[in-house]
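Single-structure report; data block below.
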Amino acid sequence: MTVTEFEAAIFSQQPISPEHYDAEYFTGDWRAEDNNYSLETRRRIEAKNPQLIKEIFRPTNVLDLGCGPGALMHLLWELGVSSDGIDFSPGSRELATPEVRDRIITGNTYDPIKSDNAYDLVICREVLEHLTVFQVKQTVVNIVRMTSCFVYCTTRFNPD
């Protein structure tokens, strides 16, 4: 691939609409190996991750950027860790448990919704691969801006 072809590919990327991330996306039967976003499934998949987040980062105020229906927020809440969430999908709040529903804001990961240094830990897991390159750049700027201390960021490997 030439530089020109690479640049053309980057500039041709189109954002995904919020409607793509509906209830079927989070809870549908299409997900392999029962990998949906129900609280009990996420509890099984997360296993000791919430406890490790609490022990390693010792956060007092967490932002889960791209939180989906807030399962990680709920699991942290069970451990006494306060968290807020931002998710692109309006349906995320509807699917969230009552314990965290009011702490989820509908918005983009790259918009300056929260103030500078508002959180001592910003979590952004398996979100960046859903964004265009330009959205990733602004999201990273936003993550760094909103944290006063730590960032916990992962992405899912996809060979395509």
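The values are calculated or read from the model by the stated rules, or taken from the named source; none is laboratory data. Worth saying up front: this structure is predicted, and the values here are computed from it rather than measured. Every residue, glycine among them, receives a Cβ derived from its backbone with ideal geometry; neighbour counts consider all protein chains shown. What goes into the accessible areas is simple: the full protein's heavy atoms, side chains included, and nothing from ligands, DNA or RNA. Shrake-Rupley method; radii C 1.70, N 1.55, O 1.52, S 1.80 Å.
Listed values, structure above:
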item: Spin-label zone in region 52-68 - amide nitrogen under 17 Å from a point set 7 Å from the Cα of residue 150 along the C-beta vector; result: 52-65
item: Accessible-area composition of the chain, carbon plus sulfur, in percent [1.4 Å probe]; result: 55 percent
item: Estimated FRET transfer efficiency when R0 is 25 angstrom, pair residue 44-residue 129 (beta carbons, to 0.05); result: 0.65
item: Loop-located chymotrypsin sites (Phe, Trp or Tyr not before Pro) in region 1-66 whose Cβ has at most 13 other Cβ within 10 Å (DSSP); result: 30
item: Three-way shape label, region 34-117, alpha-carbon gyration tensor, a/c 1.5; result: oblate
item: Alpha-carbon centroid distance for the pair region 125-151 / region 60-108, whole angstrom; result: 17 Å
item: Cα-based shape type of region 88-156, given that a ≥ b ≥ c are square roots of the gyration tensor eigenvalues and the cut on a/c is 1.5; result: oblate
item: Residue among 17, 38, 148 with the largest mean-square fluctuation in a Gaussian network model of the chain, springs linking Cα atoms under 10 Å; result: 17
item: Qualifying trypsin sites (Lys or Arg not before Pro) in region 1-70, DSSP loop, other Cβ atoms within 10 Å at most 12; result: 48
item: Sparse-neighbour loop sites [GluC sites (Glu not before Pro); region 84-133; at most 12 other C-beta within 10 Å; DSSP]; result: 126
item: Residue 40 accessible area, assembled protein chains, probe 1.4 Å, Å²; result: 110 Å²
